[in-house]
Amino acid sequence: MKGMITGQYINGDSIIHRLDPRTKLLGCFAIIIAAAWPGQQIPILLFNIGFILLIIYLSQVGVVRVLRGLRTLRMLFLLTFICQVFFTPGDSIWNWGGIAVSRQGIYLGITTFLRLVILYLGSSLLTMTTSTLKLTEGLESLLSPLNYFRFPVHQSAMIINISLRFVPTIIEEAEVITRAQKSRGARFDSGPLALRLKTVLALMIPLLAATLQRATDLALAMESRCYAGGQSYSRESSMVFTWKDGIALGILVTIFLLPVWYGYVN
Amino acid sequence: MPIIETKDLTHVYLTGTPYEKKALDKVSISINQGEFVGIIGGNGSGKSTLIQHFNGLLLPTSGSVLVGGEDTSVKRYSKELWKKVGLVFQFPEQQIFKSTVFEEVAYGLKNMGMNLPEIKNRVEETLAQVGLNPREVAHLSPLSLSGGTRRQVAIASIMAMRPAVLVLDEPTAGLDPSGCNHVIKAIKEMQQEYNTTVVMISHYVSQLILLVDKLVILEQGRLMAWGNKREVIQHMNSHNLSDLILPDYLRLMHHLADYGYQVNTGIFSVEEAAREIGRILKESHL
């Protein structure tokens, strides 16, 4: 593999790693609400970012590495910023041949950027400190009330688990196929667009074929080990929600949701 | 001048992450035009990483790789390297994507800019070379073929480009004996007919030893032995190399030498081993 995927799980034994996955899921949910809530002010958003960075520091996955991951999203940041700046009506502070920049536009551009950063940092924190198995275990537990409505919670969790598990495998396979086709002169990164699109087929067809084959094999392997899904299915270790989790969740909810509540009341 | 030359080639995967791994550690070898070189080593010894440096897919973290006297880290040069160095990956049949065998084998040739009548000749020639009947298989869908035949098609798609260097990563793994023979025969013929340099990774050491001129032995990214096969095998002693990689009759020869018998350890085949044992039995009047 060329590099690590942004947000890839990093094995560790920090306080954050040891938290119950449900705590982390709910905490991440609180962060998402804080980031998406309309009318959040810049200082609060900055404070949120600072606080998440502190948690990342505590989790020992490397603050610099996480921040470096922001670079992969730079086009998204730039595009949303430009859209917000130029397409928000308001008090014009700069008019240039019909293209107007408004004060509100700049403000919205900056807050949107900060919101995206919060979303990225929050979700990275979750996936970098929680293994996919724990993640789906937590998700299954949190969604279990839906069982009363006959929603297939266990099956959904298993689907999510398997998809997350195979992301690195498929990426690795895509890289091998890309190299193999390059060895036959396929050009993925140069040449006219039409040709490049055609070249992508040389990657997609074998990749899809291999993935379908793998899915069939996996299903067969699971069945031959008597997997049937559903209720009668236990785990090797069960999750424990300790007082530490209570405190962590309390802090997260206070930090991220108090400003939201305050803004709502006023 | 050697066609491939590596100097202190070191390759580190995922530099600067917790998953950092040194796959190659100061490997220096040189391969001449027309030579048949075998690479052996256990899983994770860096074999596949090494060969991907030969056509510029991977670039050294430190050290250098020269192909045809030019540095692969020069981008202008490494971009065109695929024409010169044909690389057959492990399980190449998994990279097949065209709807007919003909188109699959023609893919590389089209990318080289060859014209259609030429391509047609070349494809037919190469299919025959790997032991397939062009008239029978050319129009078939690769999916309708058996695993072994698909492998032959995939190897043909690289061979058709007539690279100066042919690099193969375990081309016979998982093939039945007849498929295996077809593939080996085609490789050998190509080497002899066009003076192609062949570099081949294989776990079937007893088979590889009979084919090659030179051997490279890797262990955990380090070059354990390198040179003419007779010298490499002769000086391999059972203490400093994991026995696993040698076929049992060669291990027996080395063990006999360890016990003080005057036995020639520089042999390659079972027949030679049998003759050696017969000679020792006669000499010691047992």
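The values are calculated or read from the model by the stated rules, or taken from the named source; none is laboratory data. Worth saying up front: this structure is predicted, and the values here are computed from it rather than measured. Ideal geometry is used to build each Cβ from the backbone, glycine not excepted, and the neighbour counts take in all protein chains shown.
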Self-check item: Selected residue [without any contact (Cβ under 8 Å) to a residue 12 or more places away in the chain, surrounded by 12 or more Cβ atoms within 10 Å (Cβ to Cβ), more than 14 Å from chain B (Cβ to nearest Cβ) and more than 30 Å from A:PRO152 (Cβ to Cβ)] from A:ILE255, A:ILE251, A:ILE205
Solution: A:ILE251
Exercise. Only residues that are at the interface with chain A (Cβ under 8 Å from one of its Cβ atoms) and assigned to a loop (DSSP other than H, G, I, E, B): list them for segment B:91-100, please.
Key: B:ILE96, B:PHE97
Quiz item: Does any residue of segment A:17-34 turn out to be within 14 Å of chain B (Cβ to nearest Cβ) and modelled with pLDDT of 85 or more?
Solution: yes
Exercise. Within segment A:85-96, work out how many residues are surrounded by fewer than 13 Cβ atoms within 10 Å (Cβ to Cβ) and assigned to a loop (DSSP other than H, G, I, E, B).
Key: 2
Practice problem: Identify the residue in segment B:101-120 that is away from every other protein chain (no Cβ under 14 Å) and either charged (D, E, K, R) or not in a helix (DSSP H, G or I) (or both) and, among all such residues, is surrounded by the most Cβ atoms within 10 Å (Cβ to Cβ). | Solution: B:LYS120
Exercise. With a cut-off of at least 3 residues that are within 14 Å of another protein chain (Cβ to nearest Cβ), more than 21 Å from A:ALA34 (Cα to Cα) and free of Cβ contacts under 8 Å to residues at least 24 places away in the same chain, name the helices (runs of 4 or more DSSP H) lying wholly within segment A:97-186.
Key: A:153-182
Quiz item: Got a sec? Which strands (runs of 3 or more DSSP E) wholly within segment B:1-57 have at least 1 residues that are within 12 Å of chain A (Cβ to nearest Cβ)?
Solution: B:4-13, B:21-31
Quiz item: Within segment B:67-80, can you find the residues that are modelled with pLDDT under 90 and among the hydrophobic types (A, V, I, L, M, F, W, C)?
Solution: B:VAL74
Quiz item: Which ones in segment B:153-168 are surrounded by fewer than 22 Cβ atoms within 10 Å (Cβ to Cβ) and of a type outside the set (A, V, I, L, M, F, W, C)?
Solution: B:ARG162
Quiz item: Among the candidates B:ILE280, B:ILE233, B:ILE187, which residue alone is in contact with a Phe, Trp or Tyr (Cβ under 8 Å, 6 or more places away or on another chain) and crowded, with 19+ Cβ neighbours inside 10 Å?
Solution: B:ILE233
Quiz item: Of the residues A:LEU220, A:LEU212, which single one is away from chain B (no Cβ under 14 Å) and over 30 Å from B:HIS53 (Cβ atoms)?
Solution: A:LEU220
Exercise. Determine whether segment A:229-247 contains at least one residue that is within 14 Å of another protein chain (Cβ to nearest Cβ), free of Cβ contacts under 8 Å to residues at least 24 places away in the same chain and exposed (fewer than 14 other Cβ atoms within 10 Å of the Cβ).
Key: no
Practice problem: With the condition kept exactly as written, say whether any residue in segment B:41-52 is farther than 17 Å from B:LEU168 by Cβ and touching a Lys or Arg at 6+ places or on another chain (Cβ under 6 Å). | Solution: no
Quiz item: From the list A:ARG74, A:ARG68, which one is surrounded by fewer than 17 Cβ atoms within 10 Å (Cβ to Cβ) and within 13 Å of chain B (Cβ to nearest Cβ)?
Solution: A:ARG68
Quiz prompt | Residues (within 13 Å of another protein chain (Cβ to nearest Cβ), of a type outside the set (S, T, N, Q) and either out of contact with any strand residue (DSSP E or B) (no Cβ under 7 Å at 6 or more places or on another chain) or in a helix (DSSP H, G or I) (or both)) located in segment B:58-88 | solution = B:LEU59, B:LYS75, B:ARG76, B:LYS79, B:GLU80, B:LEU81, B:TRP82, B:LYS83, B:LYS84
